[in-house]
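*Asks:* Sharing a structure here in structure tokens format.
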Amino acid sequence: MAKKENKVQFNLKNAHYAVLTVADGVPTWATPVKLPGAVALSLDPQGEMTPFYADGIAYYNCNNNNGYSGDLEMARFLDQMLIDVWGFVKGETDGVLVENCNAETKAMALLFQIDGDADNQHYCLYNCMGTRPGISSGTNTQNKTPQTQKSTITASPLEDGNIMARTTAETPDEVRTNWYKTVYQKKATTEATS
């Protein structure tokens, strides 16, 4: 039985990342890695509506969909993500992380959950690039206030045009249960030929 559709949404949680590799135009993702401490995610659509004028009117409107861009705020980005995505190197004997300006940032899928009043929605942004998280802190006063880190995320279309996948109230429980085990890809449907 289908669940009711949400009227409102709240509460970001269950953030994961999965490093993306594209070979011969075919995307593959590593196993998603849990990213605890998700604080906020704010992504704005990228692209614009461009009108084409003919016959003295806006004859056609072209919608340019370039994905999303915005900030992912975390309590703290994991050391493993610094290594996997931003190319930091961890010393084998001293355990020190070293950042090098020549390291290439890797693309990734970003998976997360947003709860609602009736259901929770699972999201997957397929092709994301993120800026390195900044470094900031402040002195403790009477209260200890955790300092957060942010990365500016750009989610771009894959070669096939896919940008994002999201569950709905009709999504089977099996799909939800397996959402963070592998990056969701729509299975190709085959039609019987007569």
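*Asks:* Could you give the dipole magnitude of the chain about its Cα centre, charging the beta-carbon of Lys and Arg +1 and that of Asp and Glu -1, in debye to the nearest 20? Write out the running numbers ahead of the final one.
*Replies:* On the way: 16 positive and 22 negative charges, 121 e Å.
About 580 debye.
*Asks:* Continuing with this model, one more query. Work through the residues other than Glu73 whose Cβ is under 14 Å from its Cβ and net out their charges, Lys, Arg +1 and Asp, Glu -1. Walk me through the intermediate numbers first.
*Replies:* Details: positive: Lys13, Arg76, Lys150; negative: Asp71.
Surrounding charge for Glu73 is +2.
*Asks:* For the chain, modelled as a GNM with alpha-carbon contacts under 10 angstrom, which of Tyr17, Tyr59, Tyr123 fluctuates the most?
*Replies:* Highest fluctuation of the listed residues: Tyr59.
*Asks:* Work out Dmax and Rg for the stretch 90-194 from the C-alpha atoms and quote the Rg first, both in angstrom.
*Replies:* Cα radius of gyration and Dmax of the stretch 90-194 are 19.9, 76 Å respectively.
*Asks:* Keeping every protein chain in place, order Thr139, Thr182 by accessible area at 1.4 Å, biggest value first, i.e. largest first. All intermediate terms of the calculation are to be shown ahead of the outcome.
*Replies:* On the way: Thr139 125, Thr182 90 Å².
So the residues, ranked largest to smallest area, are Thr139, Thr182.
*Asks:* For the pair Val96 and Ile83, how long in nm is the line joining their label points, each one 7 Å along Cα→Cβ?
*Replies:* 1.7 nm
*Asks:* Convex hull volume of the Cα atoms in the chain, per residue, in Å³? Could you put the intermediate results ahead of the total?
*Replies:* On the way: hull volume 50.7 nm³, N = 194.
Considering the Cα atoms of the chain, their hull volume per residue is 261 Å³.
*Asks:* Provide the per-residue ³J(HN,Hα) series for the stretch 69-77, in order, calculated from phi with Karplus coefficients 6.51, -1.76, 1.60 and θ = phi - 60°, each as a whole number of Hz, with x at glycine and proline positions.
*Replies:* Running phi through 6.51 cos²θ - 1.76 cosθ + 1.60 with θ = phi - 60° gives 8, x, 10, 9, 9, 10, 4, 6, 6 Hz.
*Asks:* Right, something else. Would you mind telling me which residue in Asn102, Asn143, Asn11 has the biggest mean-square fluctuation in a Gaussian network model of the chain, where springs connect alpha carbons within a distance under 10 angstrom?
*Replies:* Of the options given, Asn143 has the highest mean-square fluctuation.
*Asks:* To continue, here is another question. What ranking of Asp55, Asp117 comes out by heavy-atom accessible area, probe 1.4 Å, highest first? All intermediate terms of the calculation are to be shown ahead of the outcome.
*Replies:* Values: Asp55 135, Asp117 80 Å².
The ranking, largest first, comes out as Asp55, Asp117.
*Asks:* Please state, to two decimals, what the Cα-based radius of gyration of the stretch 29-90 comes to when divided by 2.2 N^0.38 Å (N = residues). Mind dumping the intermediate values first?
*Replies:* On the way: Rg = 19.8 Å, N = 62, 2.2 N^0.38 = 10.6 Å.
Taking N as the residue count of the stretch 29-90, the ratio is 1.88.
*Asks:* Taking only Cα atoms and a 10 Å spring cutoff, compute GNM fluctuations for the chain and point out the largest among Thr177, Thr31, Thr152.
*Replies:* Ranking Thr177, Thr31, Thr152 by mean-square fluctuation puts Thr177 first.
*Asks:* A further question follows. Can you send over the carbon and sulfur percentage of the accessible area for the stretch 124-194, probe radius 1.4 Å, protein chains only? Walk me through the numbers on the way to the answer.
*Replies:* On the way: 2540 of 5320 Å².
Answer for the stretch 124-194: carbon and sulfur cover 48 percent of the accessible area.
The values are calculated or read from the model by the stated rules, or taken from the named source; none is laboratory data. All values derive from a computational prediction rather than experimental measurement. All Cβ positions, even for glycine, are placed from backbone atoms using ideal geometry, and neighbour counts span all protein chains on display. Surface areas here come from the heavy atoms of the whole protein model, side chains and all, with no ligands, DNA or RNA. Shrake-Rupley method; radii C 1.70, N 1.55, O 1.52, S 1.80 Å.
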